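Worksheet: one structure, shown below.
The values are calculated or read from the model by the stated rules, or taken from the named source; none is laboratory data. Predicted model only: the values in this text are computed from it and were never measured. Backbone-built Cβ (ideal geometry, glycine too); neighbour counts: all protein chains shown. Heavy atoms of the whole protein, side chains included, go into the accessibility calculation; ligands, DNA and RNA do not. Shrake-Rupley method; radii C 1.70, N 1.55, O 1.52, S 1.80 Å.
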Amino acid sequence: MKSRALSFLLAFVFWVALTWSLDWQYLLTGVIISLFIAWAVGDILTRNPWKFKQHARYIWAVYYIWVFIWEMVKGNIDGAYRILHPGLPIKPGIVKVKTNLRSDSALTYLANTITLTPGTFTVDVDSENGYLYVHWMNVETEDIDKATEIIIGKYEKILGKIFE
Amino acid sequence: MIDLIGYIFIGIGITFDFIGCLGLVRLPDLYNRLHASIKCVTFGTCGIMLGVFVIHGFTDVGIKAIFCALFLLLTAPVSAHAISRAAHLSGVKPWEKSVCDHYEKDK
Amino acid sequence: MKLLRWFIGLILIALIIAVNLKYEFSPLMRMVNFLIPSCILCLWRIYKGPTPADRVVAIDILGILVIGFCGVLTVFTDKIFFIEIAIAWALQSFIATIALAKYLEGKKFDD
């Protein structure tokens, strides 16, 4: 029930921001559509609504956004350098990475972060055993532990504090 | 003044778009192409949308531009992931100078 | 041979910049003139791509480029409906890419 109320609130805020108008017709349409969405798919938003009440998670999320933006800018400059260099300094390969995160949302955000940060992107996720298969543009090591430390060492702790 | 900042953001975004498309043509195999292009093009388009937001401010256009950039940041990695997994399962081989392929081994 | 091809590409890019600066355009029109060559590069990859997966990647990238195009046109023409086209295009392009990837994989759509 709490999950449905949260998804109704989210959908309604999104609707108001997109129409950017406070006429009663727009608001009525938004309420009807948000109720329909909350009735149809509301129960898959979250399984543990009590997580939304812990304030420390929001502070870690704000910190994570800044880390993510900085890493993304660095990654793009690195990628642009590798594309424009005449000798194509790439050494590609698919390596395996071990993670301790288990919940679905944490794994999704971890995979998205890996895709948008320097030189790596996720090919497949094995969520039962906690392995990620990562395509690395410039392979430094094939060992699982060292690759884990280099690729996801920074993000794993913060994501664990946000989602687990 | 505020227009100039917005134009600078749009210029940076278009530069990264162009570099990403250059990577799409230049790099040797599917995974590397996907790699460079999806990263650079997503960043470039988000830069353009940020420029639109800076120029228009907190009006309906600016808010819509921010939502568009947010949506792009959430969905572009997912589509890249889907394409690469499908390509690997359908039998597209990595470049012959690749160092290792642990995914092929474990499948 | 590799270096020669790199130099030819460099000369072509310099040519595009020179033609762009030679004629009288407004600043935003100059930016749009850089987006058109990127679209042409994507179309070349769609025409040439050795495997179907390459073509799917190029179609995805072309969709994201069109979103950027709509963003620039919003500032350029001051018509606000372009940004709504951008949002709709982002949604549609994502669904199309997922469907193409599932088709490539050869599985059912409800998997």
Would you work out what percent of the accessible area of region C:26-105, with all protein chains in place, is carbon or sulfur (probe 1.4 Å)? 76 percent
Rounded to 10°, Cα long-axis angle of helix B:60-89 versus longest principal axis of chain B: 0 degrees
Whole-percent carbon and sulfur contribution to the accessible surface of chain B (1.4 Å, no ligands, DNA or RNA) stands at 69 percent
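How big is the Kirkwood radius of the protein assembly as shown, worked out from every pair of different alpha carbons and given in Å to one decimal?
Numbers: mean 1/r = 0.0452 Å⁻¹.
Over the protein assembly as shown, the inverse of the mean reciprocal pair distance is 22.1 Å.
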Using only Cα atoms, tell me the angle between helix B:2-26 and the longest principal axis of chain B; keep it within 0 to 90° and round to the nearest 10. 20 degrees
Using alpha carbon centers only, region A:1-58 is separated from region B:26-97 by a whole-angstrom value of 27 Å
From the gyration tensor of the Cα coordinates in region A:2-50, what semi-axes in whole Å does the equivalent ellipsoid have, largest first, with each one equal to sqrt(5λ)? 22, 10, 7
Can you pull the three principal axis extents for the Cα set of region B:2-93, in Å, largest first? 49, 23, 10
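Run the numbers on region A:2-50 and let me know its relative contact order in percent, using alpha-carbon pairs under 8 Å that are six or more apart.
Details: 35 pairs, mean separation 30.4, N = 49.
That works out to 62 percent.
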I need to check one value: relative contact order of region A:54-163, counting alpha carbon pairs closer than 8 Å and at least 6 residues apart, in percent. 35 percent
GNM on chain C, C-alpha springs below 10 Å: top fluctuator among C:64, C:16, C:36? C:16
Place a +1 charge on the Cβ of each Lys and Arg in chain B and a -1 charge on the Cβ of each Asp and Glu, then give the dipole magnitude about the Cα centre in debye, rounded to the nearest 20. 260 debye
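I need the helices of chain C that pass two filters: whole DSSP H segments spanning 27 Å or more by Cα along the axis, and mean Kyte-Doolittle score no lower than 1.6.
Taking the DSSP H segments of chain C (at least 27 Å long, mean hydropathy at least 1.6), we get C:2-22, C:52-77.
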Quick one, can you get me the convex hull of the C-alpha atoms of region A:1-111 expressed as volume per residue in Å³? 185 Å³
Can you give the direction-averaged projected area of the convex hull of the alpha-carbon atoms in region C:33-111, in nm²? 5.8 nm²
Quick check on region A:50-164: what does the Kirkwood estimate of hydrodynamic radius come out to from the alpha carbon pairs, in Å? 15.0 Å
Tell me which of C:64, C:94, C:25 sits at the most positive position along the dipole axis of chain C, charges placed on C-beta atoms (Lys, Arg +1; Asp, Glu -1). C:25
Folded to 0 to 90 degrees: helix A:104-116 orientation relative to chain A principal axis, Cα: 50 degrees
For the pairing of chain A with chain B, what total accessible surface becomes buried, with a 1.4 angstrom probe, in square angstrom to the nearest 100? 3700 Å²
Report the charge-dipole magnitude of chain C in Debye, nearest 20, computed about the Cα centre from +1 at each Lys and Arg Cβ and -1 at each Asp and Glu Cβ. 460 debye
Cα-based Rg (one decimal) and Dmax (whole number) for region B:22-64, in Å? 14.7, 44
Max mean-square fluctuation residue, GNM over chain B, Cα-Cα springs under 10 Å, options B:62, B:20, B:91: B:91
Would you tell me the accessible area of residue A:140, worked out with a 1.4 angstrom probe on the heavy atoms of the protein chains, in Å² to the nearest 10? 130 Å²
Tell me the per residue accessible area of chain A using a 1.4 Å probe; a whole number in Å² is fine. 57 Å²
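With the contact rule set at Cα under 8 Å and sequence spacing of 6 or more, what percent relative contact order holds for chain C?
Values: 60 pairs, mean separation 21.5, N = 111.
Once divided by the residue count of chain C, the mean separation gives 19 percent.
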